[in-house]
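These notes concern the structure reproduced below.
Readers should treat all values here as calculations from the given coordinates under stated rules, not as data from a laboratory. Everything quoted here is computed from the prediction, not taken from an experiment. Here the Cβ positions follow ideal geometry from the backbone for every residue, glycine too, while neighbour counts run over all protein chains shown.
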Amino acid sequence: MNEHTIRNVVIVGGGTAGWMAAAALSRFLNNGVTRITLVESEEIATVGVGEATIPPLLTFNRMLGIDENQFIRETGGTYKLGIEFAGWGDIGERYFHPFGAHGHDLGGVHFHQLYLRERRRRVMQDISAWSMSAVAAQAGKFARPAEGAQSAVKELMYAYHFDAGLYARFLRRYAEDNGVQRIEGKVVDVTVRPDDGHVTAVTLEGGRSVEGELFIDCSGFRGLLIEEALATGYEDWRHWLPCDRAVAVPSRYHGDPDPFTRATARGAGWQWRIPLQHRMGNGLVYCSEFMTADAAERELLGNLEGEPIADPRHLSFTTGRRKLAWNRNVVALGLSSGFVEPLESTSIHLIQSGIARLVALFPDRRFNPVERDEYNRQMRDLYEDVRDFVILHYKATRRTDTPFWDRCRTMSVPDSLQRKIDLFRAKGRIFRDAAELFATTSWVSVCLGQHVVPEEHEPAADALDEDKVAAAMEQMRQGYLQVEAQLPGHGDFLRHTGAGPANAPQPAPTPVPAGEPQFSFASETPFNFSATPL
């Protein structure tokens, strides 16, 4: 420690963003000097409709030392192997965006390039037939790969569905056990230092003042500190992502939950379906220019698989990001920082990434601008990466049935995205910057799933013997099917861990002792991708 070490961090707002930040900082700033305080009001509801995640959240939970079985039980969680997209390329079509890779590269050539070459020779199954996660998901199967697994089961990559409110509660207990102080109260005023514009304190109803040196704004769309106090500004992306409303409602369902999210394209937007242990999360994201709130509610309720168990909740938003995620001594996380609709389940990941970068670039009381500028550069790039990938789903459609889809299909897109589309259309090439979130599998899944078909394949693919490649690809495909046949059903796996509908969490989850045995799966089926020399 030195004289410049930050002594007081104040988090304004709870919910998923606030308690993720509190939990992580209590873990990584446990230095005996830095105090972490979270201010929130029980009178202010959180948005809490984002219940699907992507695989990096596993790393976040593991860094905190969270037992996965306990986490699943206490958050109503289920496992997620990817996203099924319905009606995006055209009405009646479906494709699957899996976690993990498609097949295996052969002879230094990307698998999808070999797949493209084979498609020119013969009728092929969808490329998802060469994904362990996709094959398992479509069969309703799941297992957590055991350490040292030797078969294709080790290729199962997964994330979670969970109740965001229960996750925040789970993390609150973790953070408070690690010394975070929670203060109940509604912020009514923000004190800004005249000489440099830094926030010095927030004032609560009743007059209590909470002082700090670093403030983290988790106040939601409002941006109480980052926008209302510091006037940071907002970059509006509605010309590319025109959906600006959502309506959400939970429903009952029967049977075991699917191990995947479903996103179904509708006439003026899309509908999500997220299976939890105790309910189905449903919502319709739509463009208010083409659909009224009443019509959106009717469409959502008319497409539920079970009866609703609460009244629909309506939300409005503007897709985009703050011009600065870190302004002066305020760092914005979650909805305070920006919003990209949850089509690819990135909302919680953006929070997680913001926290990780803050820890890596944590300032002292001098607030060196080079650290702040680097944080802003990295967060800008991440938001734009997510933005472009989500835009791709709207742009790459053949739908002509509504004015909404006509606009999406014909709109111009950011140069950064157009370059990727053009490269893929030419020879199926995908070039990613080192820090980009979405891997080759993701771009291939959406492009091929929505008919962005390359005119040719890479010339390097032609250097490999066609018959040997075909044999190797068939061996892979059969191997995935063999492993899938041995996997437990998703519901069975949940029950093995003490979770599932019969044990769904109550409003006040009871702590479960950590360190319980992990239920995992290791297939002994021999599976050697290199058995056929190339």
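Charged neighbours of I11, selected by a Cβ distance under 9 Å, balance to -2 (K, R count +1; D, E count -1). Take the Cα radius of gyration of the chain and divide it by 2.2 N^0.38 Å, N being the number of residues; the result is 0.99. Counting only residues at least eight positions apart within a chain, or on another chain, the lysines with an alpha carbon under 29 Å from that of K420 are K80, K323, K395.
Net charge near G185, counting Lys/Arg +1 and Asp/Glu -1 over other residues with Cβ under 12 Å of its Cβ? Every neighbour counted, the sum reads -3.
Computed on the range 380-483, the Cα convex hull volume stands at 152 Å³ per residue.
Mean sequence separation of contacting Cα pairs (under 8 Å, at least six apart), scaled by the length of the range 50-145, corresponds to a relative contact order of 23 percent. Each residue in E484, E68 was given a count of other beta-carbon atoms within 10 angstrom of its own, and listing them fewest first yields E68, E484. The mean sequence distance of close C-alpha pairs (under 8 Å, at least 6 residues apart), as a share of the length of the chain, puts its relative contact order at 23 percent. Once you treat every alpha carbon in the range 277-326 as an equal point and sum by Debye, what is log10 I(q)/I(0) at q = 0.20, 0.27, 0.30 Å⁻¹? Listed by q, the Debye log ratios stand at -0.78, -1.13, -1.30. Assuming a ≥ b ≥ c are the square roots of the Cα gyration tensor eigenvalues, decide whether the range 202-269 counts as rounded (a/c under 1.5), prolate (otherwise, with a/b larger than b/c) or oblate. Oblate shape, in that a/c is at least 1.5 and b/c is the bigger or equal ratio.
When each of V10, V249 is scored by the number of other beta-carbon atoms lying within 10 Å, the sequence from fewest to most is V249, V10. Put simply, the C-alpha atoms of the range 27-112 give a gyration tensor, and the ellipsoid matching it has half-axes of 36, 23, 13 Å, longest first. Its Cα gyration tensor gives the range 89-200 an equivalent ellipsoid; the semi-axes, largest first and in whole Å, are 47, 21, 17.
Using alpha carbons only, how many degrees (0 to 90, rounded to 10) separate the axis of helix 111-121 from the longest principal axis of the chain? Once rounded, the angle reads 40 degrees. Between M411 and R173, residue separation times 0.36 nm minus the direct Cα-Cα distance comes to 81.0 nm. Using the Cβ of Q277 as centre and a radius below 11 Å, the other residues enclosed give a net charge of 0, where K and R count +1 and D and E count -1.
Over the range 69-153, the pair-distance histogram of Cα-Cα distances with 10 Å bins from zero comes to 14, 36, 34, 13, 3, 0 percent, rounded to whole numbers. Oblate is the label for the range 297-427, because the ratio a/c of its alpha-carbon gyration tensor axes (a ≥ b ≥ c) is 1.5 or higher and a/b is not greater than b/c. Per residue, the average separation of C-alpha pairs within less than 8 Å and at least 6 apart gives the range 358-487 a relative contact order of 21 percent. Neighbour counting of Cβ atoms within 10 Å sorts the residues T200, T232, fewest neighbours leading, into T200, T232.
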